[in-house]
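Here the structure is laid out as structure tokens; the discussion comes afterwards.
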Amino acid sequence: MGQIRSSYRAVLFLIGVTVPVWALYTNVLHMIPSIWFVTLLACVLDYYPLYLPGGAQWSTSILCYIWAGTKYGVMAADLVMGMGCLFTFLRAYHWNVRKIRWFRYITTLGMFQVSLYTSVAVFQVTKGTPSLFQSALIFGTFEAVNILLFLGVHWSFDQLASAWSTVRSFNYLSVSMSSILFVLIGRYDQIMDAILPVGLLLICFILMWQQYSRAVKSSSEATKKYQLIANHTDDLILLVNPSATITFASPSHARLFNKPLDEIVGQSLYTFIQNPDSVRAALEDNRLRSSLHQIRLQFGDRVVPTETKISPVSTPDNEIECFIVVSRDISERLRQQDYLLQTEKLAVAGQLAVVLPMRFAIH
């Protein structure tokens, strides 16, 4: 099986090698001036990828590869594809050529080459069909083949589960909208009456991409900060919904109680608290105010006394959305208090041991 997986990657790599070869051949022997404009357009589009729900990105430069393939042929499109993909890798590696993983780059070209050959074949077969229907088939074929090859590469590295998760989060509606807009503008000579609204729609679409990009980046940065705090604090942090179900547990729970987090998330908060009456009252109180409790958390056989603060999080309508439950282990504090109390008792006992004989001696 390992040999098959290595052979799969090797075949894609060899196919990818043909891309720069055909690109050089096209540029030297068959000069096509307009192909350089398409190449430049592919690089520009790659700089402004389509941000999809979930944070994934889809490079609209792929549309240029397909358009060049159907207009000038696969060999001409290889110039666009090779340069566009190189621009993508350079940007991903912060313009440091030495850091680029060239095997990965060539393998990616191999995936695109197979996808492009397949989509151009579909273009030849579907000639005479309505333009939008034909375009949908071409783009759909390219993406379907590319996804299968993508899954195959991850299968060859025994990472199929993570790849499938990425594929499932892909938003095909957004990709379809951008593809249709590209086709409409590419066929402007047939839709002169609609060119203005289509252009305005494209501008709106680009602005939407940029706004979504900024929102995704801001959300991603905030999430990283919160994860950094949650992962490195010793406080026990829980997010609890209004029905007292735990929706998030900080990694400190796993460190302190030696218990997997998936055995905590989804459970009722009350199942981990000894005598949860005060906590239950705080969660059922509709007033938006924080409360402080001394409770004992029990996970498995271990019981930890804590000082716990419960803070409600409200929606814009002043409805309680969830609760942040922050607990701090006070075992050491209680041991210190017990030690001081015992010390005071011993000191008092010592004083009595000295004073009482003296009193008896006086009498």
Counting only residues that are over 23 Å from the mean Cα position of the chain (by Cα), within 16 Å of Val313 (Cβ to Cβ) and among the hydroxyl-bearing types (Ser, Thr, Tyr), the stretch 234-278 contains a total of 2
I'd like to know if the stretch 345-358 contains one or more residues that are open to solvent by 80 Å² or more (accessible area, probe 1.4 Å) and modelled with pLDDT of 65 or more.
yes
Inside the stretch 39-78, can you point out the residues that are modelled with pLDDT under 85 and in a loop (DSSP other than H, G, I, E, B)?
Tyr48, Pro49, Leu52, Pro53, Gly54, Gly55, Ala56, Ser59, Thr60, Ser61
Being at pLDDT below 90 and either open to solvent by 20 Å² or more (accessible area, probe 1.4 Å) or of a type outside the set (Lys, Arg) (or both) is the requirement here; does Thr107 meet it?
no
Would you check if Asp317 is at pLDDT below 80 and either farther than 14 Å from Ala244 by Cβ or charged (D, E, K, R) (or both)?
yes
Residues of the stretch 125-141 satisfying the condition of being over 12 Å from Ile66 (Cβ atoms), open to solvent by less than 50 Å² (accessible area, probe 1.4 Å) and within 36 Å of the chain's Cα centre (by Cα):
Ser131
Just checking, how many residues over the stretch 224-266 are closer than 14 Å to Ser327 by Cβ, among the aliphatic types (A, V, I, L, M) and assigned to a helix (DSSP H, G or I)?
2
Subset of the stretch 267-288, residues outside any helix (DSSP H, G or I) and free of Cβ contacts under 8 Å to residues at least 24 places away in the same chain, comes to Gln267, Asn275, Pro276, Asp285, Arg287
Need pairs with beta-carbon distance below 8 Å; first residue closer than 15 Å to Phe139 by Cβ and within the stretch 105-128, second of a type in the set (Asp, Glu); sequence gap 6+ or separate chains.
Ser115/Glu143
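The values are calculated or read from the model by the stated rules, or taken from the named source; none is laboratory data. Please read all numbers here as calculations on a predicted model, not as lab measurements. Using ideal geometry, Cβ is built from the backbone for each residue, glycine included, and neighbour counts are taken over all protein chains shown. Ligands, DNA and RNA are stripped out before the accessible areas are found, and what is left, the full protein with its side chains, is counted by its heavy atoms. Shrake-Rupley method; radii C 1.70, N 1.55, O 1.52, S 1.80 Å.
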